[in-house]
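Participant: Shown below is the structure under consideration.
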Amino acid sequence: MECMSREDMRKLQSERLIKTVKRCYENVPFYRRKMDEAGVSPDDIKSIDDICKLPFTTKQDLRDEYPFGLEAVPHSEVRRIHASSGTTGKPVVDTYTENDLKMWAEGVARVMAVADVGPGDTVQVSYGYGLFTGGLGAHDGAAMRGAIQLPTSAGNTEKQIMLMQDFRTNVLCCTPSYAMHLAESIANSRNVSVRLMKLRAGFFGAEPWTNGMRKELETKLQIKAYDIYGLTEMCGPGVGGECECQDGTHLWEDMFYPEIVNPETLEPVAPGEFGELVFTSLCKEAMPILRYRTRDLTRLNYEPCKCGRTAVRMDRILGRSDDMMIIRGVNVFPSQIETVLTEFPAFQPYYFITVDRINNEDTFDLDVELKPEFFASDPADQMKYIKPLFDRIVSLIGIKPNIHIKPPFGIERSTGKAKHVSDKRVFKN
């Protein structure tokens, strides 16, 4: 599947799309209504090229149909329920049949295969277990590879590190921000040496991260760090992942068909152009999704990879169209700040942005941390670090931030998805 010719892949995608559309129309009133309104029927879908005839699905649609309005099988065939960790409104729910769970595990297993994860390896799963898809997704993928699963879940960092040593963990799975917190805790411990650990690979996902953070993680943990991509609406982690070349994230397009559209016009963009990523599940039984708008902004590369895989590659995600902030008329993504911070050896990759509106003008405050060896109690000594950072941010995004240096560990660490922004303007509109 990962090395299939483009012609054979499109044939397989066409066969699976036709079946999926038929399943949705016949079993899901929501999709039957949407397709009728769009004037399209299953008979109109004859190949993958006809996917543009289908209506889009949004996160709000999934919330409106909460909890099981999008199920396409009798509920008695469902074997597991997951849900997003959203903090507002109803969560986004996904349900799985036995076959769905096997497909999901295979997607994760394909990603882990790039690091030769297999029997004898201990995979420490430090994603949260529960409704969040990260923990059990990585767990089942490691099981399919025949590896030992160490289900530590998130948090309790001191114990995580102890078990990492005592159980000879080879592979770490967690969010990149928590991996950085683990690396920092190991570096600051007198009784722990990463050189004496067995770690060799990490699979990090559930939030955007930069190549700068990757290099720092690889140096601090002495591992090869891979990006694993996924979303609850498709299955969870394992929709795709990086190969050994780390030149884009391979998407398993035999399972999940990707498109890139203009987020404003919803029309397809030219090949290689940036836009919003849209997915259609091609194998899901319990809750198939048609043309789901992820809000992730990226582009696709269909050129064969040096690794030999022909599976399409996705660029690192620039950000989300709904995470983008407009500050003083300028588009700003939080990931841009992280990219800049990793360019400066004195700064930690932790930050927090506060946007407000005072006297009808947007304010842009940025909290950052110096590494302990660079931190000084005298603010005057810190100006030599602030000025180059300030200039770099202005050159990149064109607006001037108010930079505040926090003491070591002054910015909250996260065991799950890190929160980087507080936009207080939403309460003043």
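Participant: Per residue of the chain, what 222 nm ellipticity follows from adding -39500 (n - 2.57) for every DSSP H run with n ≥ 4, rounded to the nearest 500?
Facilitator: Counting only the DSSP helices, I get -9000 deg cm²/dmol.
Participant: May I pose another question? Which residues' amide hydrogens lie under 5 Å from the amide hydrogen of Q348, considering only partners 5 or more residues apart or on another chain, with H built in the peptide plane?
Facilitator: The list, which skips near neighbours in sequence, is E369, L370, K371.
Participant: I've got another one for you. Using the structure shown, select from K22/K417; K11/K90; K19/K417; K102/K224; K90/K224; K11/K34 the pairs with a Cα to Cα distance greater than 31 angstrom.
Facilitator: K22/K417; K11/K90; K19/K417; K90/K224
Participant: Now, a different point. Please give the contour-minus-distance gain from D166 to S47: 0.36 nm per residue of separation, less the Cα-Cα distance, rounded to one decimal in nm.
Facilitator: 37.5 nm
Participant: Which one, A138, A206, A346, has the greatest fluctuation when you compute a Gaussian network model over the chain with C-alpha springs under 10 angstrom?
Facilitator: A346
Participant: May I pose another question? Which FRET efficiency value, to the nearest 0.05, do you get for K220 and I358 by plugging their Cβ-Cβ distance into 1/(1 + (r/R0)^6) with R0 = 41 Å?
Facilitator: For K220 and I358, the calculated efficiency is 0.60.
Participant: Quick one: putting +1 on the C-beta of Lys and Arg, -1 on the C-beta of Asp and Glu, what dipole do you get for segment 156-261 around its Cα centre, in Debye to the nearest 20?
Facilitator: Once rounded to the nearest 20, the dipole reads 840 debye.
Participant: Follow-up question, since we're still on this one. How far, in nm, would the chain grow between S377 and E303 when pulled straight, counting 0.36 nm per residue and subtracting the alpha carbon separation?
Facilitator: 21.4 nm
Participant: Can you sort M213, M383 by 1.4 Å-probe accessible area, starting with the largest?
Facilitator: If we order M213, M383 from most to least accessible, we get M383, M213.
Participant: Return the long-range amide H neighbours of G128 (sequence gap of 5 or more, or a different chain), with a cut-off of under 5 Å between placed amide H atoms.
Facilitator: Result for G128 returns G135, A154.
Participant: Mind checking which lysines have their Cα closer than 17 Å to the Cα of K406? Skip sequence neighbours fewer than 8 apart in that chain.
Facilitator: Within the straight-line limit of under 17 Å, K406 reaches these lysines: K371, K384, K387, K419.
Participant: Of P74, P408, P55, which is the most mobile in a GNM of the chain whose springs link Cα atoms less than 10 angstrom apart?
Facilitator: Of P74, P408, P55, the Gaussian network model singles out P74 as fluctuating most.
Participant: DSSP loop trypsin sites (Lys or Arg not before Pro) in segment 260-311 with at most 10 other Cβ atoms within 10 Å of their Cβ, which ones?
Facilitator: K306
Participant: Could you please state how large a percent of the accessible area of segment 241-379 is carbon and sulfur, counting protein chains only and using a 1.4 Å probe?
Facilitator: Ligands and nucleic acids excluded, carbon and sulfur reach 49 percent.
Participant: Using the beta-carbon distance between D64 and R32 and R0 = 25 Å, what value does 1/(1 + (r/R0)^6) give for FRET efficiency, to the nearest 0.05?
Facilitator: About 0.95, to the nearest 0.05.
Participant: Using the heavy atoms of the protein chains alone and a 1.4 angstrom probe, what is the accessible area of the chain per residue in square angstrom?
Facilitator: Ligands and nucleic acids excluded, the result is 45 Å² per residue.
Participant: Accessible area, 1.4 Å probe, largest first: how do C3, C243, C307 sort?
Facilitator: C3, C307, C243
Participant: Rounded to the nearest 20 debye, what is the charge dipole size of the chain about its Cα centre when +1 sits on each Lys and Arg Cβ and -1 on each Asp and Glu Cβ?
Facilitator: Approximately 680 debye in magnitude.
Participant: Now for a different question. Could you check the spin-label model distance between I81 and K424? Points 7 Å from the Cα along Cα→Cβ, value in nm.
Facilitator: In this crude spin-label approximation the distance works out to 3.9 nm.
Participant: Let me ask another. Of the accessible area of segment 53-102, with the probe set at 1.4 angstrom, what percent is carbon plus sulfur?
Facilitator: Here carbon and sulfur together make up 49 percent of the probe-accessible area.
The values are calculated or read from the model by the stated rules, or taken from the named source; none is laboratory data. Model, not experiment: these values are computed from the prediction. Using ideal geometry, Cβ is built from the backbone for each residue, glycine included, and neighbour counts are taken over all protein chains shown. Ligands, DNA and RNA are excluded from the accessible area calculation, which covers all protein heavy atoms including side chains. Shrake-Rupley method; radii C 1.70, N 1.55, O 1.52, S 1.80 Å.
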